[in-house]
Amino acid sequence: MVMIEDRNHPNYLSDNNLYNPYSKATCVILYIQSMELGAPPVYKILNETIRNKSLSYMESLGPYAFALKHVTEWAEIGRILQDKIPISFG
């Protein structure tokens, strides 16, 4: 995984860039988050771990949580303008 914020950098469009909302790495992270994987699901374990500040899953879920934070943080910023849905209030 790489994290390149600069859109003009030659590796920004890399499939491993977490700041590129269209990269394969970003899609995999969001796909895992949306899956009902396991019993209980991964998102539920991650949510409880963060809320309780538990260290029991830190080694296994820590890197995933770090990647998910950056993916969700940069998802809106990195989108191309033509891909954004216009907001209407009237």
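Observations on the model:
- Filter result for ARG7 (of a type in the set (D, E, K, R), at negative phi, loosely packed, with under 14 Cβ neighbours inside 10 Å and at pLDDT below 85): yes
- One residue stands out in region 37-80 among those that are over 29 Å from ASN11 (Cα atoms) and small (Gly, Ala, Ser): the one that is surrounded by the most Cβ atoms within 10 Å (Cβ to Cβ), namely SER54.
- Scanning region 7-33 for residues that are in a helix (DSSP H, G or I) and either among the aromatic types (Phe, Trp, Tyr) or touching a Phe, Trp or Tyr at 6+ places or on another chain (Cβ under 8 Å) (or both) yields ILE29, TYR31, ILE32, GLN33.
- Matching residues, region 48-72, being part of a helix (DSSP H, G or I) and farther than 15 Å from ILE29 by Cα: GLU48, THR49, ILE50, ARG51, ASN52, MET58, GLU59
- Within region 10-36, considering residues that are touching a helix residue (DSSP H, G or I) at 6+ places or on another chain (Cβ under 9 Å) and loosely packed, with under 13 Cβ neighbours inside 10 Å, the one modelled with the lowest pLDDT: GLU36
The values are calculated or read from the model by the stated rules, or taken from the named source; none is laboratory data. This one's a predicted model, so the numbers in the text were calculated from it and none came from an experiment. Please note: Cβ atoms are built from the backbone with ideal geometry, for glycine as well, and neighbour counts cover all protein chains shown.
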